[in-house]
Amino acid sequence: MNIIVSFAPVQMKPFEQKEVTKMMRKLAVFFLVFAVVMAFSLTSLAQDKIEGKIEALNNAAKTITINGTEYSLGNKAAQVKVKVGDMVQATVEENTVTKLQLLM
């Protein structure tokens with residue numbers, strides 16, 4: 001006894017096809033928005049705020065040493081008037097100080 005099983009493709013009604021297409025578009029838009037939000041969120045997660053004393057400062061090379069760690073100075077941070085011995089709060093992104101604030 002031979003049994004033959006065949007699967008025929010499911011035929012959708014035009015109305016159902018439109019609904020599926022609409023749902024797929026909404027899903028694609030959701031994932032696109034999600035990817036953009038995550039891209040911006042990850043950059044903010046990569047920032048660290050540190051506080052400490054400036055131990056060395058080289059304006060020509062745009063480097064600063066805070067709490068024993070040397071960082072590069074971003075353009076905005078390099079414009080802040082600080083000196084060795086000052087207490088500062090720095091925003092560090094990928095080993096570069098992007099924001100520098102003098103603490104009192």
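None of the figures in this text is laboratory data; all of them are computed from the coordinates on show. As the structure is a computational prediction, the values presented were derived from the model and not from experiment. Cβ atoms come from the backbone with ideal geometry, glycine included; neighbour counts cover every protein chain shown.
A compact table of results
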{"item": "Exposure proxy ranking, count of Cβ atoms within 10 Å, fewest first, for V20, V80, V97", "result": "V20, V80, V97"}
{"item": "Stretchable slack from E94 to L27, in nm (0.36 nm times residue separation minus alpha-carbon distance)", "result": "20.7 nm"}
{"item": "Gyration tensor (alpha-carbon) shape descriptor, the range 29-104, a/c threshold 1.5", "result": "prolate"}
{"item": "Rough spin-label spacing in nm, given labels placed 7 Å along Cα→Cβ, for Q101 and E55", "result": "2.4 nm"}
{"item": "Value of relative contact order over the range 48-102, rounded to a whole percent, pairs C-alpha under 8 Å and six or more apart", "result": "38 percent"}
